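Student: Sending over a structure as structure tokens; questions will come in a sec.
The values are calculated or read from the model by the stated rules, or taken from the named source; none is laboratory data. What you see is a predicted model; the values in this text were computed from it and never measured. Cβ atoms come from the backbone with ideal geometry, glycine included; neighbour counts cover every protein chain shown.
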């Protein structure tokens, strides 16, 4: 069977719709994971040994187990009747949340301690220090690894096909199961994955340049 690019072109409209869903999943999961990481980073500041142990266990479990297993655990094991989309988002967010927690810890360590001490000397409350001083600088510092995490989430979304979430890869499966042209269809899907991540990297480069100016 010879390669026929016309099948790729015919599949593009459907693949593009699947790509939009993939981007939505990645953006929402990154937002939730950033919220998780922010909350856990703040909790760590209280220095409670029990809470620190819980956070370490969560991070270690996520980093030590495959994402596919985590998806199955969320969808099949949790005592909740979750929709595949909800379960998929939860699994991606929890997985990325552990990575983002470590990324934020690295960003926090780069902030000069003198700034925090000066703010405390001025009588600023802890939450205000986080809101006005710590978090703005952290998010500037971690922009590059955040973008990298976004691309990893995008490349992880095909795993959601196992719980019937119709994103880009699942869409391509549906197409080539009907036209029996997997190579042409998957080539189109691969091109869209590349386009998504390439665009994200370019946007991140612009943001990083602007942030460098702000920190200068």
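Student: Within region 171-183, does at least one residue satisfy the condition of being over 24 Å from residue 13 (Cβ atoms) and surrounded by fewer than 19 Cβ atoms within 10 Å (Cβ to Cβ)?
Tutor: The initial filter retains those residues of region 171-183 that are over 24 Å from residue 13 (Cβ atoms), namely none.
No, region 171-183 contains no residue that is over 24 Å from residue 13 (Cβ atoms) and surrounded by fewer than 19 Cβ atoms within 10 Å (Cβ to Cβ).
Student: Now a separate question. Which one of these is modelled with pLDDT of 95 or more and within 30 Å of residue 178 (Cβ to Cβ): 65, 34, 86? Outline the logic, then answer.
Tutor: Details: 65 fails: within 30 Å of residue 178 (Cβ to Cβ); 34 fails: within 30 Å of residue 178 (Cβ to Cβ).
Residue meeting the stated conditions: 86.
Student: Take region 108-133 and flag every residue that is at negative phi and not in a helix (DSSP H, G or I).
Tutor: Result: 110, 111, 112, 122, 124, 125.
Student: Continuing with this model, one more query. Of all residues in region 108-125 being in contact (Cβ under 8 Å) with a residue 24 or more places away in the chain and either out of contact with any helix residue (DSSP H, G or I) (no Cβ under 7 Å at 6 or more places or on another chain) or over 16 Å from residue 55 (Cβ atoms) (or both), which is surrounded by the fewest Cβ atoms within 10 Å (Cβ to Cβ)?
Tutor: Among those residues, the one meeting the criterion is 110.
Student: Quick check, is residue 175 at pLDDT 95 or above and either over 18 Å from the mean Cα position of the chain (by Cα) or over 26 Å from residue 66 (Cβ atoms) (or both)?
Tutor: yes
Student: While we're looking at this one, here's another question. Residues being assigned to a helix (DSSP H, G or I) and either touching a strand residue (DSSP E or B) at 6+ places or on another chain (Cβ under 7 Å) or more than 20 Å from residue 167 (Cα to Cα) (or both): count how many of those fall in region 77-107.
Tutor: The total comes to 12.
Student: Pick out the one residue from 136, 158 that is under 14 Å from the mean Cα position of the chain (by Cα), within 28 Å of residue 201 (Cα to Cα), free of Cβ contacts under 8 Å to residues at least 40 places away in the same chain and part of a helix (DSSP H, G or I).
Tutor: Exactly one residue qualifies, and that residue is 158.
Student: Do we have residue 21 as in a helix (DSSP H, G or I), touching a helix residue (DSSP H, G or I) at 6+ places or on another chain (Cβ under 8 Å) and either modelled with pLDDT of 95 or more or within 27 Å of residue 198 (Cα to Cα) (or both) here?
Tutor: In short, yes.
Student: Check 189, 200 and return the single one that is within 30 Å of residue 10 (Cα to Cα), modelled with pLDDT under 95, surrounded by 16 or more Cβ atoms within 10 Å (Cβ to Cβ) and touching a helix residue (DSSP H, G or I) at 6+ places or on another chain (Cβ under 7 Å).
Tutor: Testing whether each residue is within 30 Å of residue 10 (Cα to Cα), modelled with pLDDT under 95, surrounded by 16 or more Cβ atoms within 10 Å (Cβ to Cβ) and touching a helix residue (DSSP H, G or I) at 6+ places or on another chain (Cβ under 7 Å) leaves just 200.
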